[in-house]
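Here the structure comes first, spelled out in structure tokens, and everything after it is commentary.
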Amino acid sequence: MGQNTIPFNRPSLAGREIEYLLQAVDSGHLSGDGAFTAKCHAFLAQRLGAAKVLLTTSCTHALEMAALLLDVQPGDEVIVPSFTFVSTVNAFVMRGARPVFADIRPDTLNLDETLLEGLITPRTKAIVPVHYAGVGCEMDAILDVARRYGLAVVEDNAHGLFGSYKGRRLGTFGCLATQSFHETKNFSCGEGGALVINDPALVERAEILREKGTNRSRFFRGQVDKYTWVDLGSSYLPSELLAAFLWAQLEAWEDIQAARRRLWLRYDEQLAGWAERSGVRRPIVPAHCQQPYHMYYLLLPGLGHRQALIARLKQRGILSVFHYLPLHLSEMGRRFGGMPGDCPVCEDVSDRLLRLPFYTSLTKDDQERVVASLIESPVGEHDGG
């Protein structure tokens, strides 16, 4: 190809990751809940205004903790968008729940709140909105429905840390919310997550579940003279090494967000003309939503156009990717009754969405190479089938 490949994602250092890793090693405490974990907990709880934030080994595990905290039982139903990562659903299915797949809005690609009431049954336990690309779901309407039917709301905020809806931080609307610190996210420790607890009544039990079902946290605070097994639970604590790496990222959160904002705006401004000429739709961010600049995607006219553009960019050493496949049409989704046509917007968008290289350390030169390659790639009526 003659040029270095531009990856879709590349883990990016904020500055002090190695220094903090060495500090963690020197401290002699490498298991969970050390000094760096405490820093991350305090920072996130303060920035979000949450009753408690607990780091976990993944966003998947945070979702599993949410299902446990809500006492999800076999036969319960949980409403989830079909356009999401499998963990959003699996966490509840593992407790015996049946997923009820909701279609998405054609503008933000978030759960379509206007469909919710038609999906609720006497078995419905919770609604799990996913803030796609960090753009907030219509939380006023979702919370209104949840209140009227007595349902819990768990926000899957894997994409949306420091995004907001009508001036309020994402992850602070539901009784619980989950975050991801996977290497593809704005702030990363390779693999990691967090459970955001907005309902103070859930804090003590969350600590127990995270400590393998023991009251170990109460023991360390001197509230009991020994700890024992008191509830369900598992090992959800990340190591202090992961927390040390993450703290370096969170400490630099404003710089990281500013860099990602520049990247997002550069794509959006420089691709505007090409997109309009080519029948390509750029991301839509409503005025009442402040996004955290998690990703930049395009909606191509059709599947053939999308696949052809991925191939052409790859020939030029640029890796672009599609995103979620509709969960209701997956092998597992069909076991729960999913059928073609159930979520038409999701089915359409999934075929046409293309994500461009987007990571904090993406250089201006590399980004301009991506833009130039797109502008030089006309989107034909039947390009690629």
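Coordinate-derived values only; no laboratory data. Just so it is clear, the model here is predicted, and its values are computed rather than measured. Using ideal geometry, Cβ is built from the backbone for each residue, glycine included, and neighbour counts are taken over all protein chains shown.
Remarks
- Toward the positive end of the charge dipole of the chain, with +1 on the Cβ of Lys and Arg and -1 on the Cβ of Asp and Glu, the farthest Cα among Leu68, Gln23, Pro238 is that of Gln23.
- Considering only Val321, Val224, Val86, the mean-square fluctuation computed in a Gaussian network model of the chain, springs between alpha carbons under 10 angstrom, is largest for Val224.
- Charge dipole of the chain about the Cα centre (unit charges at C-beta), most positive-ward option of Pro301, Val93, Leu54: Leu54
- Local net charge near Trp229, Cβ-Cβ under 15 Å (Lys/Arg +1, Asp/Glu -1): +3
- Residue order for Lys364, Lys212, Lys185, fewest other beta carbons within 10 angstrom first, comes to Lys364, Lys212, Lys185.
- Counting only Cβ charges, +1 for Lys and Arg and -1 for Asp and Glu, the dipole size of the stretch 17-251 around its Cα centre is about 520 debye.
- From the Kirkwood radius over Cα pairs of the chain, Stokes-Einstein at 10 °C and 1.306 mPa s returns a whole-number translational diffusion coefficient of 73 µm²/s.
- This ranking places His29, His288 by how few other beta-carbon atoms lie within 10 Å of each, fewest first, which gives His288, His29.
- In a simple Cβ point-charge model (Lys, Arg +1; Asp, Glu -1; nothing else charged), the stretch 59-153 has a dipole of about 300 debye relative to its Cα centre.
- On Cα atoms only, tilt of 253-270 relative to the major axis of the chain in degrees: 20
- Solitary cysteines of the chain, where the nearest other Cys Cβ is not under 4.7 Å: Cys40, Cys59, Cys137, Cys175, Cys189, Cys289
- Each Lys and Arg Cβ is given +1 and each Asp and Glu Cβ -1; about its Cα centre, the stretch 253-375 then shows a dipole of about 280 debye.
- Loop exposure criterion: GluC sites (Glu not before Pro), DSSP state outside H, G, I, E and B, at most 12 other Cβ atoms within 10 Å. Applied to the chain, the longest stretch between such sites is 1-375.
- One decimal place: the segment Thr363-Leu325 gains 10.7 nm when fully extended, by the rule 0.36 nm per residue minus the C-alpha distance.
- Length released on extending from Arg16 to Gln223, taking residue separation times 0.36 nm less the Cα-Cα span: 71.0 nm
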